[in-house]
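To start, the structure under review is shown below, and the notes come after it.
Only the coordinates and a few stated rules stand behind these numbers; no lab work does. None of these values were measured; they are calculated from a predicted model. Cβ: placed from backbone, ideal geometry, glycine included. Neighbour counts: every protein chain shown.
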Amino acid sequence: MIDSLRVLVLGKLDWSALPHEWFTIGGTVALSGMLLTVIAMLTYFKRWKWLWKEWLTSTDPKRIGIMYIVIAGLMLFRGALDAMMIWIQQSLSLGESHGYLTGPHFQQIFTAHGDIMVFFATMGLLAGLMNLIVPLQIGARDLASPLLNTLGFWLYVGGAILINMFFVFGGEFAAVGWLAQTPLSELQYSPGTGVDYWIWSLQVSGLGSLFTGINFLATIIKMRAPGMTLLRMPAFTWATLCSSVIIITIFPILAITIAMLTLDRYLGTHFFTTTGGGNPMMYINLIWMWGHPEVYVLILPSYGVYSEIVATFSRKRTALYVSNVIGLLGVTAIAMLVWLHHFFTMGAGADVNAAFGISTEFIVLPTALLFASWLLTMFRGRIKLASPMFWFLAFVSTFTFGGLAGMLLAFPAADYQVHNSLFLVAHFHTQIVGGALFGIFAAITYWFPKFTGFKLNETLGKYAVALWLTGFFLAFLPLYILGFMGATRRLDHYTNPSWQPLFMVSVVGFLVLCTGALTQILQIVVSIVQRRQYRDATGDPWDGRTLEWSTPSPVPFYNFTSIPEVHSRDAFWEMKQSGQTAKKHYEDIEVPKNTPFGIYIAAAAFVFGFAMVWHMFLIAAIALVAALLCVIIRTFDEDTEYVLPASKVRELEKAREAA
Amino acid sequence: MTATLVEVHRAEEKARKTYFLFWVYLMTDLLMFAGLFAAFAVLRSNSFSGPTEKDIYQLPLVLAETFILLISSYTAGLAVYSANKGRLKTAQVLLYTTGVLGLSFLTLELTEFSHLISDGNGPSRSAFLSSYFSLVGTHGLHITVGLLWLVILLIFLAKRGLSESMIRKVTLFSMFWHFLDIVWIFIFSIVYLMGVSL
Ligand code: HEM
Ligand SMILES: [Cu+2]
């Protein structure tokens with residue numbers, strides 16, 4: 001009786017799930033330490049109410065954007081710890097020595113590393129940037145649905161917590177690689193809760209990404225300022241639009257693919273099993289139908305960032321603007337059609353492999369349009385080499401390298417040699433770190449003053465670029481070579497002594513990368529301490545071209561006192577040229593109220609996911625009902641906005657000008 | 001308080017945004033169904049010495065389901081029309097009809113499922129049955145959600161009458177319902193009709 005009650009409430013959870021290994025104890029202590037510190041600080045400084053009212057329940061995309069970047073920064077750190085553990089193991093584990101990690105533990109680490117970096121670090125940073133920049137660039141005050149925006153953010157947070165919960169309950173994460181390929185991830189081969197954590201974490205955060213994608217598409221299509229035709233949109237907005245279109249297309253596929261795996265594991269169906277007529281290869285197809293376009297979700301926004309930066313720091317309009325846009329659209333289209341290049345070796349046959357190999361190579365055409373646009377924008381421009389521009393130059397060198405490696409991988413015959421080798425690992429790290437992440441760093445440097453009112457220290461910024469670039473090549477060039485020497489990915493042990501020196505060099509590279517990251521932290525700290533010195537009172541520190549620079553820094557919560565009218569591309573530049581910037585008139589502004597429903601619904605989703613991991617079906621059902629109730633209550637709430645009268649706006653503006 | 005021109009304009013703007021968001025959501029849902037259809041197409045012949053498609057489909061029953069759903073879609077459409085004309089009573093009756101029809105559809109489907117399961121042909125019997133149950137069942141789950149939505153909609157219609165925002169909600173529901181109808185047409189032709197003729 002007691003026992004069946006326990007199963008009903010607690011499912012599979014029991015004492016043995018609590019931490020008892022060094023890394024789970026360490027993780028639990030670290031996580032609870034962080035939590036307690038935050039709680040103590042908030043209580044000591046009496047900031048709970050402020051946090052809840054001003055931040056957690058906020059519907060202001062600028063606030064949400066900053067929260068995204070903070071959480072994603074933490075996850076970047078978390079993912080980097082995993083990377084460090086992988087690197088150390090690989091530099092030690094030769095011959096007699098087996099390093100300091102067990103095989104299964106090593107597998108969990110590289111799985112967590114990949115998922116955290118893609119879903120929670122990079123995606124989070126990008127969602128943050130989009131929130132901060134897009135409404136300002138299109139002359140809007142908000143997103144199409146403020147509720148979907150906070151909900152998307154909180155689902156992302158829910159997923160991020162869920163992926164770390166295994167430290168405290170269960171002690172194991174999935175040991176199946178970041179995409180949990182079947183049949184390995186099926187119950188038969190992975191009976192523990194690790195894969196279930198993987199499933200529910202990605203399901204919860206994936207839903208968040210989908211909402212965010214839908215919201216940005218609607219915002220960009222429906223909420224542009226009068227006069228801003230599609231071909232007058234800033235490049236970053238275009239890139240966000242393309243990225244959102246891909247998200248909307250592929251995240252439903254991810255959701256349903258994971259759902260089918262879930263059914264296999266929970267209800268004994270046979271989608272991807274090796275028995276019962278299941279087809280594991282179908283999973284590989286479906287997951288890469290999501291997976292390949294996803295890498296372009298990551299890189300497209302950075303393409304947009306580079307276009308903005310190159311134009312601003314060359315003090316010229318984007319050259320070949322239309323080609324630039326066609327380039328983005330071309331990348332978007334091709335990205336969705338070439339997934340099979342991730343499994344040429346599966347044996348689909350020469351014709352299929354050739355078709356997908358060739359279509360993959362076509363990606364160079366739109367990419368070349370983008371590069372042509374950037375080069376011609378710089379050509380005869382008055383280039384100012386500020387640190388965002390250095391990030392761009394660093395990107396050009398890494399990305400060309402990684403792109404060429406990708407072209408090689410896309411030849412099926414060549415790919416048979418280097419598939420799943422460290423050459424592949426080097427390729428995609430070059431693209432994601434040297435492409436997407438450098439773009440994000442560039443963006444943060446570039447737009448930082450817009451949201452804080454002061455610039456970042458330039459000297460430290462330039463050091464950071466230099467360290468990242470050097471560290472990057474030191475860390476990843478050896479991997480290209482190791483790949484050619486036959487080292488496959490995900491090795492926790494090897495016997496060939498000639499590999500070790502290269503692994504060692506790679507570790508040194510990692511250390512240099514760490515100093516780069518520390519320099520960036522230092523840069524932020526120094527800039528905050530000396531913020532008077534870096535203050536920018538104009539709101540336009542770089543002599544910018546697009547509408548976000550027409551607002552004061554930091555941007556007021558209503559963004560614009562009146563919605564600007566757009567007559568050309570680079571609308572703000574045009575206004576400056578014709579001297580139209582001084583005019584100001586005030587109007588009533590409709591502002592969305594803050595809402596806790598994003599948190600409530602996401603919390604229910606989090607509880608649901610956690611309960612499902614442990615087969616606590618009663619609690620899962622309760623959580624589901626709670627989420628539904630929240631949705632219903634919120635849908636029928638008619639009082640979600642208030643009007644900020646023009647007189648009040650005037651008051652606020654006067655107060656700001658006086659300060 | 002009479003609505004000013006600006007307010008009317010804002011309300012229209014909001015409606016357009018909401019419809020657009022909902023359209024995009026429907027498209028994503030469609031893509032999710034596409035994944036299920038793809039899985040079904042791959043696995044439909046993997047009956048693993050269990051029953052094949054021909055063995056289990058009962059076309060007359062499915063045809064009845066189809067007509068019931070089509071008619072319910074029609075009544076949902078008429079409900080939107082009446083709501084826009086301000087005819088609260090008619091809209092309510094039509095929505096009730098939609099609900100009853102939806103419920104009958106669901107009952108028929110669940111009867112079909114429970115027969116299969118009690119014969120030992122549940123979703124874990126073979127890959128074919130896994131994909132069949134998931135595809136048709138996901139549609140059924142959507143119908144269930146739709147019915148739940150309908151109940152809540154009717155409660156609030158009785159309470160609040162045909163306000164601007166209630167009309168919008170009726171329209172959204174009807175879009176959802178039509179969408180499910182379209183998906184069902186695909187299920188009917190690709191699963192059932194092709195299944196018995198292939
Ligand atoms: C010039 C353009 C590119 C080409 C031709 C290309 C080609 C390829 C090919 C053929 C593979 C599969 C290799 C194998 O498994 O053996 C691959 C893997 C990968 N690429 Fe690229 N790629 C390009 C750009 C990018 C970009 C821009 C990104 C990310 C921002 C990226 C991220 C990845 C990732 C994450 C993987 C593999 C993941 C895994 O197997 O776990 N690639 N690429
Ligand atoms: Cu790819």
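Calculate one ³J(HN,Hα) per residue across the range A:333-345 by plugging θ = phi - 60° into the Karplus curve 6.51 cos²θ - 1.76 cosθ + 1.60, and present them in order as whole Hz with x for glycine and proline.
These are the phi-based 3J(HN,Hα) values: 5, 5, 3, 8, 10, 10, 4, 5, 5, 7, 8, 3, 6 Hz.
When you count, for each residue, the other Cβ atoms within 10 Å and take the mean per peptide, how do A:603-612, A:44-53, A:100-109 rank with the highest first?
Ranked from most to least packed, the peptides come out as A:603-612, A:100-109, A:44-53.
How shielded is B:122-128 by partner chains, expressed as the average number of their Cβ atoms within 10 Å of its Cβ atoms?
6
Please list, ordered by chain and number, the residues whose modelled amide H lies under 5 Å from the amide H of A:Ala319; skip anything fewer than 5 residues away on the same chain.
Residues meeting the amide H criterion: A:Thr377.
Based on the Cβ-Cβ distance of B:Ala34 and A:Met407, what FRET efficiency does E = 1/(1 + (r/R0)^6) give at R0 = 35 Å, to the nearest 0.05?
That gives a FRET efficiency of 0.70.
Based on DSSP H runs of at least 4 residues, each adding -39500 (n - 2.57), what is the mean residue ellipticity at 222 nm of chain B after dividing by all its residues, to the nearest 500 deg cm²/dmol?
-28500 deg cm²/dmol
Put +1 on the Cβ of each Lys and Arg and -1 on the Cβ of each Asp and Glu in the range A:13-164; which of A:Asn131, A:Phe45, A:Pro104 then has its Cα farthest toward the positive end of the dipole?
A:Phe45
Roughly how many debye, to the nearest 20, is the charge dipole of chain B about its Cα centre, given +1 on each Lys and Arg Cβ, -1 on each Asp and Glu Cβ, and no other charges?
Its charge dipole is roughly 760 debye.
Leaving out same-chain residues fewer than 8 places away, which lysines sit with a Cα under 19 Å from that of B:Lys14?
Correct list for B:Lys14: A:Lys222, A:Lys593, B:Lys169.
Hey, can you grab everything whose amide H is under 5 Å from the amide H of A:Ile589? Only 5+ residues off in sequence or another chain; H modelled, so Pro and N-termini drop out.
A:Leu644, A:Ala646
D for chain B, whole µm²/s, Stokes-Einstein with Kirkwood Rh over alpha-carbon pairs at 10 °C and 1.306 mPa s: what number? Walk me through the numbers before you get to the answer.
On the way: Rh = 18.4 Å.
Estimated via Stokes-Einstein, D reaches 86 µm²/s.
Given the options A:His585, A:Ile599, A:Thr398, identify the residue whose Cα lies farthest towards the positive end of the charge dipole of chain A (+1 on Cβ of Lys, Arg; -1 on Cβ of Asp, Glu).
A:His585
Taking beta carbons within 10 Å but only from partner chains, what does the mean come to for residues A:250-259?
The mean count of partner-chain Cβ atoms within 10 Å per residue comes to 5.
Amide H of A:Phe454: which non-local residues (sequence gap of 5 or more, or other chain) have their own amide H closer than 5 Å, using H built in the peptide plane?
Correct list: A:Asp536.
Helix B:59-84 versus the longest principal axis of chain B: what is the Cα-based angle in degrees, 0 to 90, to the nearest 10?
The two axes meet at around 10 degrees.
Charges only on Cβ, +1 for Lys and Arg, -1 for Asp and Glu: so what's the dipole of the range A:505-608 about the Cα centre, in debye to the nearest 20?
Once rounded to the nearest 20, the dipole reads 360 debye.
Apply the Karplus curve 6.51 cos²θ - 1.76 cosθ + 1.60, θ = phi - 60°, to the phi angles in the range A:401-406 and return the couplings in whole Hz, x for Gly and Pro.
Values, residue by residue: 4, x, x, 5, 4, x Hz.
Compare the Cα positions of B:Gly146, B:Leu94, B:Ser114 along the charge dipole of the range B:75-161 (+1 at Cβ of Lys, Arg; -1 at Cβ of Asp, Glu; about the Cα centre) and return the one farthest towards the positive end.
The residue sitting most towards the positive pole is B:Leu94.
What aspartates and glutamates could a cross-link reach from A:Lys12, if we take a straight Cα to Cα line under 13 Å and drop same-chain neighbours fewer than 8 places away?
In chain and number order, the partners are A:Asp3, A:Asp196.
Under the rule of -39500 (n - 2.57) per DSSP H run of 4 or more residues, summed and divided by the residues of chain A, what mean residue ellipticity at 222 nm is obtained, to the nearest 500 deg cm²/dmol?
-21500 deg cm²/dmol
May I ask which of A:Lys62/A:Lys576; A:Lys62/A:Lys450; A:Lys450/A:Lys654 have a Cα-Cα span longer than 22 Å here?
Where the Cα-Cα span goes over 22 Å, the pairs concerned are A:Lys62/A:Lys576.
Explain nothing, just the number: dipole magnitude of the protein assembly as shown about its Cα centre with +1 on each Lys and Arg Cβ and -1 on each Asp and Glu Cβ, in debye rounded to the nearest 20.
2660
Pull out a ≥ b ≥ c, the square roots of the eigenvalues of the alpha-carbon gyration tensor of the range A:59-117, then state rounded if a/c is under 1.5, prolate if not and a/b is larger than b/c, and oblate in the remaining case.
prolate
Could you work out the mean count of beta carbons from other protein chains within 10 Å of each residue's beta carbon in B:21-30? Write down the numbers at each step before the final one.
Values: counts 10, 2, 2, 11, 7, 0, 5, 12, 1, 1.
For this peptide, the per-residue mean of nearby foreign Cβ atoms is 5.
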